[in-house]
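Q: Below are the structure tokens for one structure; questions will follow.
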Amino acid sequence: MRRLSHGVALLERAALILCMALVLGLVLLNVVTRSINYSLFWVDEAAVFAMVWACFIGASLLVRLRLDFAVTVLTDPLPDAWRHAARVAVDALVLIFGLLMVVLCWWWFDLPTLWANNWQLQPFFEATFNGIYMDRPTTVPFAKWWFFLVLPCFALTSTIHATANLMEDIAAMLGRQAFIERTEAEI
């Protein structure tokens, strides 16, 4: 699981760099086109979508690097055994959150019902009242569900990272191996 998480983290790092470069490029394009009085209205919305993707990809990467938000005022004074137990509990909660997100994304995208309706959007909408596939952005010429794909990606990758973190912390807590250092140096 650690290798899988490491490979996913490397892909996330590359995707995060690409998303941030895309945000920068779109913002600069917007500045240039507005300065010559030839505004491209889709650029603003595309930059927002790229930034949202970057945030979710970065959040998943932070789970693996263990750089996500933490309140350590309660765990710092604890003995090592209790501190490891607290880390295991937090990792388990992050894993539960990731699994819940996977389930919710499965329900939201509802591919079995879409398939049962022969991939036809109108019958799917009438059967489920789920307009995910019919919703369109204001200016970008793609359906919104393409941009919403970041949520199942985030759910899956954060679940992988949380599982790897949990396995490492359980192994460290049980003393079967030395505490595994943060993956930050590898990435």
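The values are calculated or read from the model by the stated rules, or taken from the named source; none is laboratory data. Only a predicted model underlies this, so the values are computations on that prediction, with no experimental measurement involved. So basically every Cβ, Gly included, is an ideal-geometry build from the backbone, and we count neighbours across all protein chains shown.
Q: Restricting attention to the range 61-106, which residues are among the aliphatic types (A, V, I, L, M), within 22 Å of Gly175 (Cβ to Cβ) and modelled with pLDDT under 90?
A: The answer is Leu78, Ala81, Ala85, Ala86.
Q: Give the residue, chosen from Trp42, Trp53, that is of a type in the set (Phe, Trp, Tyr), within 27 Å of Leu26 (Cβ to Cβ), touching a Cys at 6+ places or on another chain (Cβ under 6 Å) and modelled with pLDDT of 90 or more.
A: The conditions single out Trp53.
Q: I need the full set of residues from the range 129-159 which are of a type in the set (A, V, I, L, M), within 11 Å of the chain's Cα centre (by Cα) and more than 18 Å from Thr113 (Cα to Cα), in order please.
A: Val150, Leu151, Ala155, Leu156
Q: In addition: Might you check whether a residue that is at positive phi and outside any helix (DSSP H, G or I) occurs anywhere in the range 68-88?
A: No, the range 68-88 contains no residue that is at positive phi and outside any helix (DSSP H, G or I).
Q: Does Arg64 count as more than 23 Å from Leu149 (Cα to Cα) and in a helix (DSSP H, G or I)?
A: no
Q: State which residue pairs qualify: first residue acidic (Asp, Glu) and inside the range 23-46, second residue part of a helix (DSSP H, G or I) in any location, beta carbons under 7 Å apart, and separation of 6 or more residues or different chains.
A: Once the first residue is acidic (Asp, Glu) and sits in the range 23-46, its partners that are part of a helix (DSSP H, G or I) give Asp44/Asn30.
Q: Restricting to the range 104-144, what's the tally of residues that are outside any loop (DSSP other than H, G, I, E, B) and closer than 14 Å to Ala46 by Cα?
A: Residues in the range 104-144 being outside any loop (DSSP other than H, G, I, E, B) and closer than 14 Å to Ala46 by Cα: 1 in total.
Q: What pairs come out if I take residues in the range 54-82 that are surrounded by fewer than 18 Cβ atoms within 10 Å (Cβ to Cβ) and pair them with residues that are part of a helix (DSSP H, G or I) and among the small types (Gly, Ala, Ser) whose C-beta lies under 6 Å away, six or more apart or interchain?
A: Correct list of pairs: Thr75/Ala86.
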